[in-house]
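Nothing in this text is a laboratory measurement; each read-out follows from the coordinates by a stated rule. Note that the structure is a prediction, hence the values are computed from the model and not measured. Cβ atoms come from the backbone with ideal geometry, glycine included; neighbour counts cover every protein chain shown.
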Amino acid sequence: MDTLSNDLFYDILRRVDGATLASASCSCATFNTISKEERLWEDVCSSMWPSTKRDDVKTLISSTGGFKKFYADCFPLIVNKDVPEFPEEWMEDEYYGEEDELENVSPSDFVSLVDIRYKEKTICSKVIWGIPNANVYNGWFSDCPFRIDLFAYSDRDDDDDDDHNDHAGEVITLSVSDGLPPVTSLERERKDGKLWQELRDGIKLSWIIVNSKAKQAANLSSWCALDGQRHWPTNKDFLLQFGSIVPAKQILPCRVVKCIIAMKFRVTDVEGSGTHTTLNLTELCMQLGDMEGVHVNGRNSLLVLKEALRCDRSKNYSLVVESCRLYAKVQSEIREEKIRHENMLERLHILGSITAFVLLCCYFM
């Protein structure tokens, strides 16, 4: 290696992915020195997340610690196995945090970087600055269910002529030319489900949240779909669900919540030959839901998002799936216990009515 120039090593390392670059940095002193070059990590990030190519996003990432730190924060996925067992008491929408802590977090602190791929091809790349329509902190946003809708808001600098993808108002489509299997009829698709299977396996989603004030970032998506539903709510719709389990200690009584990222496609063009099969991306939104299925309000969601950026992470996707499975198990137990409790109250009410009727009859006899 002493006979080769550092320029050659640099040219080699700039062609590898982030995981390989990180491994190479541990192999020898020369690679370690070269791997500290921010330009290498900028190339890695722009390749994986095209939204980071924008000049304003580059400035944001540089201000939060640079591209190497950004990759280290956002490449591993959030893993949270600290899911409590069924609690003794639930209080919906109860705020546990301190008021001064609430004052230290603002909707304008957060930036969303969203990238969607289908079979390694980027089909959508978008940036949302702040939490849309949340300018009035103590207004409706505070108590209403938190939601970020990707297609309802335009980018901060839509008028710029940068080379980034800007899909505000633009329809995102997938077709046979992109690799979708041809569908000759919806009846046939209902039977074999080839289009649904291809969509569920082929779509990858990254939704990175950056806290510009705290200089932290994390990917709240699961990258691959965790769940989905065919034909929802019509025979032409496919719903995919991504997300992660994030901590909510001292914020909500359930201590953890689920970040729910819902993506909906609609079949818009089907011919008998199947050559013009087309899907439109009609919805992509993020919400936070507690174990009772209630959407977390804006006030508590800001605190949860801030806490989520400090959560443990892993490159092991099976741990992400296990975390969500454990959450779903406890959530199911809570739902069953709630049904049992309601049934018991109903039986007691009926028993009380019967007892009152018997006593009334005895009185008049």
Once both label points are put 7 Å beyond Cα along the C-beta direction, the Ser5-Asp269 separation in nm becomes 5.1 nm
For Arg313, other-chain or 5+-apart residues with amide H closer than 5 Å (H placed, Pro excluded) are Val79
Taking Arg39, Arg117 and counting other beta carbon atoms within 10 angstrom, the fewest-first order is Arg39, Arg117
GluC sites (Glu not before Pro) in segment 161-270 lying in a DSSP loop, each with at most 13 other Cβ atoms within 10 Å of its Cβ, come to Glu170
At the level of C-alpha centres, the distance separating segment 5-53 and segment 191-261, in angstrom, is 29 Å
Listed by chain and number, the residues whose amide H is under 5 Å from that of Cys124, excluding neighbours fewer than 5 places away on the same chain and using placed H, are Ile116
Interchain or sequence-distant (5+) residues whose placed amide H lies within less than 5 Å of the amide H of Phe151 are Leu284
For segment 6-74, the convex hull over Cα atoms projects on average to an area in nm² of 4.4 nm²
